[in-house]
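Notes follow the structure.
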Amino acid sequence: MPTPNADPAPLPVAIVGAGPSGFYAAEALLKALGPAVRLDLFDRLPTPFGLVRGGVAPDHQKIKSVAAVYERAAADPRVRFFGNVKLGRDLSADDLRARYRFIVYAVGCESDRHMGVPGEEAAGVHSATEFVGWYNGHPDHRDRAFDLSCEAAAVVGIGNVAMDVTRLLSCDPESLAATDIADDALAALRASRVRTIWLLGRRGPAEAAYSPAEIEEIGGLPTADLVADRAEAVVDAVSQGALADPVVKKKVDYIQARARLGEGSKSRKVRLRFRVSPAEVIRENGRVAALRVEKNRLAADERGRVKSVGTGEFETLAVGLVLRSVGYRGVPLPGVPFDERAGHIPHADGRVLAAPGGTALPGEYVVGWAKRGPSGLIGTNRADSAATVQSLLADLKVGNGTGAADLAADSTPKRLAEGGAKPVSFADWRKLDQIERANGAARGKIRAKFTRVEDMLAALAR
């Protein structure tokens with residue numbers, strides 16, 4: 001398309017967050033604006049790729065290969081990567097507004113929602129976010145400790161993240177040894193005594209959030225039986241309409257077939273339960289000893305959506321570990337609007353709003369989970385980011401933007417140097433990547449990750 005920018009200098013755009021949604025936004029801008037754009041990608045970690053590095057399970061290496069797409073974008077001469085640069089520490093939102101015509105926030109959802117039940121603060125109750133970060137060697141979670149000496153664990157929630165943590169708890173740890181799993185996590189999984197994993201969903205099989213591939217992967221584990229109750233696998237009358245969706249029908253048919261197989265004979269059991277909600281964490285000496293759950297019935301709300309309603313009938317599951325996977329939540333960025341109720345940045349068509357339902361901030365946009373909340377797969381972010389970029393391009397066409405006064409290409413590096421920041425370039429990341437791969441190859445692994453920022457910076461200094 002013709003360049004809408006009359007200024008001969010490339011249009012400066014900042015993208016905060018170098019995960020999938022950030023790279024997809026970069027891809028869309030590079031394609032739309034050609035040589036008329038200059039993109040600076042910022043990430044608080046020295047390593048790019050966000051959830052592809054720190055969230056995708058180590059036994060899903062094929063999914064991680066999407067990083068090759070992001071590599072191509074990062075290698076473009078119109079793109080600069082500033083890793084180890086945190087908004088609010090090394091740069092402020094106003095610093096960006098002064099130096100870029102447009103800003104795109106692609107910061108994801110770095111926290112999680114709570115179950116909201118008595119006893120949730122007990123030792124042994126953790127978020128799936130922590131568990132995923134721990135086994136992936138994420139710097140935020142590398143020091144977490146999970147007691148896997150118990151016989152039974154509960155995973156609350158049945159989305160794809162819940163499937164990942166359940167699969168890692170119930171698989172053969174030796175199948176992970178050659179992956180990029182964190183060393184401490186592999187050692188703990190090898191010593192694990194967990195033999196039963198309760199997988200708990202508050203609604204029925206037609207409303208299950210997992211993908212067909214994820215649940216089938218658990219059903220195909222050589223080390224564990226996927227066990228479902230026949231009565232709970234029945235689709236309620238209120239859910240019958242959902243079966244018109246072929247994906248939903250495929251998931252339901254699979255679970256009903258598994259229910260007919262019964263207990264199985266493998267040493268571990270993944271016990272999938274429907275229409276149950278956590279009601280209380282029962283503690284002994286400050287630690288979780290059991291999870292009390294309430295059985296639900298399904299009903300339609302005023303919009304016709306299926307909701308769970310407690311029946312007043314309870315059941316107690318003896319467990320020593322509870323992992324909640326009931327939704328992610330964004331973390332507010334200093335100087336950037338945040339919708340506390342929704343848990344993400346308020347927006348209209350990707351344009352950041354000063355407050356929920358308020359006016360749009362000139363030149364500021366949001367993509368990915370920070371925009372829509374935690375939904376979809378990694379590839380979902382491509383269309384989402386492209387849609388936000390269309391809003392940006394429409395605003396560019398009519399001359400909207402932040403009103404930035406200092407558009408010089410060296411302005412940001414100078415500001416970072418003034419503040420004593422130690423930015424990591426994409427060339428630096430490639431050096432870290434080579435070191436991780438070499439260290440891993442020496443031990444028969446795909447890579448051996450650096451899990452401390454200090455170690456990454458020290459390796460580059462050497």
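Pairs, please: C-beta under 6 Å, at least 6 apart or cross-chain, first residue surrounded by fewer than 18 Cβ atoms within 10 Å (Cβ to Cβ) and in the range 250-269, second part of a helix (DSSP H, G or I)?
That search, which allows pairs on different chains as well, returns 250/212.
Can you pull out the residues in the range 8-44 that are in contact (Cβ under 8 Å) with a residue 12 or more places away in the chain and in a loop (DSSP other than H, G, I, E, B)?
Those that are in contact (Cβ under 8 Å) with a residue 12 or more places away in the chain and in a loop (DSSP other than H, G, I, E, B): 9, 10, 17, 18, 19, 43, 44.
Of all residues in the range 126-152, which are hydrophobic (A, V, I, L, M, F, W, C), in contact with a Lys or Arg (Cβ under 7 Å, 6 or more places away or on another chain) and buried (at least 22 other Cβ atoms within 10 Å of the Cβ)?
Within the range 126-152, 128, 134 meet the criteria.
Assuming residue 312 fulfils every condition listed in (1) within 30 Å of residue 126 (Cα to Cα); (2) surrounded by 14 or more Cβ atoms within 10 Å (Cβ to Cβ) apart from one, which condition is it?
The single condition residue 312 does not satisfy is (2).
Output the number of the condition that residue 56 fails; it satisfies all remaining conditions of (1) under 22 Å from residue 383 (Cα atoms); (2) out of contact with any Phe, Trp or Tyr (no Cβ under 8 Å at 6 or more places or on another chain); (3) surrounded by fewer than 20 Cβ atoms within 10 Å (Cβ to Cβ).
(3)
Kindly evaluate residue 341 against the criterion of being charged (D, E, K, R) and exposed (fewer than 14 other Cβ atoms within 10 Å of the Cβ).
yes
Out of the residues in the range 84-126 that are at pLDDT 95 or above and of a type in the set (S, T, N, Q), state the one that is nearest to residue 143 (Cα to Cα).
Looking at the filtered set, the residue picked out is 84.
Take residue 27 and decide whether it is more than 18 Å from the chain's Cα centre (by Cα), surrounded by fewer than 19 Cβ atoms within 10 Å (Cβ to Cβ) and more than 24 Å from residue 334 (Cα to Cα).
When the stated conditions are applied, residue 27 does not pass them.
Take the conditions farther than 27 Å from residue 131 by Cβ and either among the charged types (D, E, K, R) or touching a helix residue (DSSP H, G or I) at 6+ places or on another chain (Cβ under 9 Å) (or both) and apply them to residue 26. Does it pass?
Answer is yes for this residue.
Which ones in the range 180-207 are in a loop (DSSP other than H, G, I, E, B), out of contact with any Leu (no Cβ under 9 Å at 6 or more places or on another chain) and surrounded by fewer than 20 Cβ atoms within 10 Å (Cβ to Cβ)? If you could, list the steps in order and put the result at the bottom.
Pass one, the range 180-207, residues in a loop (DSSP other than H, G, I, E, B): 180-182, 192-195, 201-204.
Filter once more, keeping what is out of contact with any Leu (no Cβ under 9 Å at 6 or more places or on another chain): 180, 182, 195, 202.
Once the filter is applied, which keeps residues that are in a loop (DSSP other than H, G, I, E, B), out of contact with any Leu (no Cβ under 9 Å at 6 or more places or on another chain) and surrounded by fewer than 20 Cβ atoms within 10 Å (Cβ to Cβ), the range 180-207 yields only 195.
Can you report the number of residues in the range 451-462 which are in contact (Cβ under 8 Å) with a residue 24 or more places away in the chain and outside any helix (DSSP H, G or I)?
Total satisfying the criteria: 2.
Table: residues versus (1) of a type in the set (A, V, I, L, M, F, W, C); (2) assigned by TED's automatic domain parsing to the domain that holds residue 88.
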residue	(1), (2)
101	no, yes
125	yes, no
133	no, no
137	no, no
142	no, no
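For the range 249-260, state whether one or more residues are of a type in the set (S, T, N, Q), in the same structural domain as residue 151 (by TED's automatic domain parsing) and within 22 Å of residue 317 (Cα to Cα).
Checked against the condition, which is being of a type in the set (S, T, N, Q), in the same structural domain as residue 151 (by TED's automatic domain parsing) and within 22 Å of residue 317 (Cα to Cα), the range 249-260 yields no hits at all.
Scanning the range 154-171 for residues that are of a type in the set (Val, Ile, Thr) and assigned to a helix (DSSP H, G or I), which turns out farthest from residue 453 (Cα to Cα)?
In this case the residue turns out to be 166.
Kindly provide the set of residues from the range 156-196 that are closer than 20 Å to residue 269 by Cα and of a type in the set (Val, Ile, Thr), ordered by number.
156, 158, 161, 165, 166, 194, 196
Can you name every residue in the range 222-256 that is assigned to a loop (DSSP other than H, G, I, E, B) and hydrophobic (A, V, I, L, M, F, W, C)?
231, 233, 234, 235 - these are the residues of the range 222-256 that are assigned to a loop (DSSP other than H, G, I, E, B) and hydrophobic (A, V, I, L, M, F, W, C).
Does the range 236-246 contain at least one residue that is hydroxyl-bearing (Ser, Thr, Tyr), out of contact with any Pro (no Cβ under 6 Å at 6 or more places or on another chain) and buried (at least 18 other Cβ atoms within 10 Å of the Cβ)?
yes
Take the residues in the range 88-105 that are of a type in the set (A, V, I, L, M, F, W, C) and out of contact with any strand residue (DSSP E or B) (no Cβ under 6 Å at 6 or more places or on another chain); name whichever of them is surrounded by the most Cβ atoms within 10 Å (Cβ to Cβ).
The qualifying residue surrounded by the most Cβ atoms within 10 Å (Cβ to Cβ) is 91.
Quick one: which of 415, 351 is more than 13 Å from residue 102 (Cβ to Cβ), of a type outside the set (A, V, I, L, M, F, W, C) and at pLDDT 95 or above?
Only one candidate passes the filter, namely 415.
Listed here are the residues, each with its yes/no results for (1) under 30 Å from residue 194 (Cβ atoms); (2) crowded, with 19+ Cβ neighbours inside 10 Å.
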residue	(1), (2)
297	no, no
350	no, yes
358	no, no
375	yes, no
387	no, no
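Looking at 376, 399, 335, can you tell me which residue is in the same structural domain as residue 85 (by TED's automatic domain parsing), touching a residue at least 60 places away in the same chain (Cβ under 8 Å) and either over 28 Å from residue 52 (Cβ atoms) or part of a loop (DSSP other than H, G, I, E, B) (or both)?
It is 335.
Looking only at helices (runs of 4 or more DSSP H) that fall completely inside the range 59-153, which ones have 1 or more residues that are without any contact (Cβ under 8 Å) to a residue 12 or more places away in the chain and farther than 30 Å from residue 404 by Cβ?
So the answer is 61-64, 67-74.
Tell me which residues, restricted to the range 420-449, are surrounded by fewer than 13 Cβ atoms within 10 Å (Cβ to Cβ) and part of a loop (DSSP other than H, G, I, E, B).
420, 442, 443, 444
The values are calculated or read from the model by the stated rules, or taken from the named source; none is laboratory data. What you see is a predicted model, and the numbers here were worked out from it, not measured in a lab. With ideal geometry, Cβ positions are generated from the backbone for all residues, glycine too; neighbour counts draw on all protein chains shown.
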